[in-house]
Amino acid sequence: MIAAWYDRQGPAAEVLRIGELPTIEPARGEVRVRLNRSGLNPGDVKKRQNWLGNPMAFPRIVPHSDGAGVVEAVGPDVDAARVGKRVWVYGAQSYRPFGTAAQTTVVPGPLAVDLPDTVSDDIGACLGIPGITAHRAVFADGPVSGQTVLVHGVRGSVGSLAAQLARWGGATVIGTVRTDAEVGAVSAGTADHVVSLRSDPVAAIRQLAPDGVDRIIEVALSANADTDAAIVRNGAVLAAYASPKERPELPFWPLLFANVTIRLLGSDDFPQEAKNAAARDLTRAAAESALAIAIAEVMPLAETAAAHELIESGTPAGRVLISVP
């Protein structure tokens, strides 16, 4: 099979290679998926960069955890009827060496989720890491119907899906963006209201939610902690999946007096039952056309290094996908 891989960490153009690798046979409980799309996430780039000093977990890595394609082979204890079924894939390179930047990937059966005919491969390849993180952020502490949910970074991959899932779950959603100019770039289908963090966000959010918000989906905990403490309802949940500073300072007493629960989210290590629930809901929401995902670029597998560099640049206005030959 044709694949992209790296044997050492470093700059994309220096370490990523394209060539032939042996096709892997699925073991007990596994399926092999012939991929049409590979979904590229910032976490894939960070693994290759040696982010936070984390070494390579395997001598050779085929990157990317997300993708979409068709089941072409199954291992023992997997229903043979799955062969030929369209699926979206997640976790392919989570504690495993060979991800989706290849013509085929092998994953445990539950990590290849049936993809409805009404949902494109492009959308399917975008549901994995961002979608499961978003689902956990929104629903880990129960239903959100009738609640007000604040989603920071609503234009991002996780933030956009979190906002749409929360609305799908019956919540009123307030999304934030970094600048006034970005307010108009958020579609009406993503959030009910959009607030710029540059223009007195506390007053703007309090005007929309006078009693405070029930849940906050946080992409920048260290930067937004004071704002969050000023707009929470008593008993709110603050679910954070990222922070500019690895040791954020928190306004302890305001959060304490508001009885806020802080939930920290590391997607690779969510309980499997939580991943299963997320996969079911994401598939259903996508089939109901409740999820719109902007695709910035679809690049050929041969240009995987350039795709990594595009993610590093921070310029794409949407997801970056790899087209697999």
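Just tell me which aspartates and glutamates come within less than 18 Å, Cα to Cα, of LYS245; anything on the same chain fewer than 8 places away is out.
GLU218, ASP226, ASP228
Once you have the Cα-Cα distance between GLU288 and THR118, take 0.36 nm times their residue separation minus that, and quote the gain in nm to one decimal.
60.3 nm
State, to one decimal in nm, how far the label point of ASP77 lies from the label point of SER313, with both points 7 Å from Cα in the Cβ direction.
So the label points at ASP77 and SER313 sit 4.6 nm apart.
In the structure shown, do any of LYS47/LYS85; LYS46/LYS85; LYS85/LYS275 have a Cα-Cα gap over 23 Å, and if so which?
LYS47/LYS85; LYS46/LYS85
Please find, in a Gaussian network model of the chain (springs between Cα atoms separated by less than 10 Å), the residue of ASN41, ASN276, ASN54 whose mean-square fluctuation is greatest.
Maximum fluctuation in the GNM of the chain, among the listed residues, is at ASN54.
By counting other Cβ atoms within 10 Å of each Cβ, how are ARG206, ARG37 ranked from fewest to most?
With the sparsest Cβ surroundings first, the list reads ARG206, ARG37.
In whole angstrom, how far apart do the alpha carbon centroids of region 209-239 and region 1-48 sit?
Between the Cα centres of region 209-239 and region 1-48 lies a distance of 38 Å.
Which ordering of HIS193, HIS64, HIS135 is given by a fewest-first count of other beta-carbon atoms within 10 Å?
Neighbour counts put them in this order, fewest first: HIS193, HIS135, HIS64.
In the chain, which longest range has no GluC sites (Glu not before Pro) that are both DSSP loop (not H, G, I, E or B) and surrounded by at most 16 other Cβ atoms within 10 Å?
1-245
Note down the magnitude of the dipole of the chain about its Cα centre, charges +1 on Lys and Arg C-beta and -1 on Asp and Glu C-beta and zero elsewhere, to the nearest 20 debye.
240
What relative contact order, as a whole-number percentage, does the chain give when Cα pairs under 8 Å and 6 or more residues apart are counted?
18 percent.
Could you tell me whether region 130-268 comes out rounded, prolate or oblate from its Cα gyration tensor? Rule is a ≥ b ≥ c as square roots of the eigenvalues, rounded for a/c under 1.5, then prolate if a/b exceeds b/c, otherwise oblate.
Rounded.
Read the figures in this text as sums done on the coordinates, not as results from a lab. The structure displayed is predicted, hence computed values, not measured ones. Please note: Cβ atoms are built from the backbone with ideal geometry, for glycine as well, and neighbour counts cover all protein chains shown.
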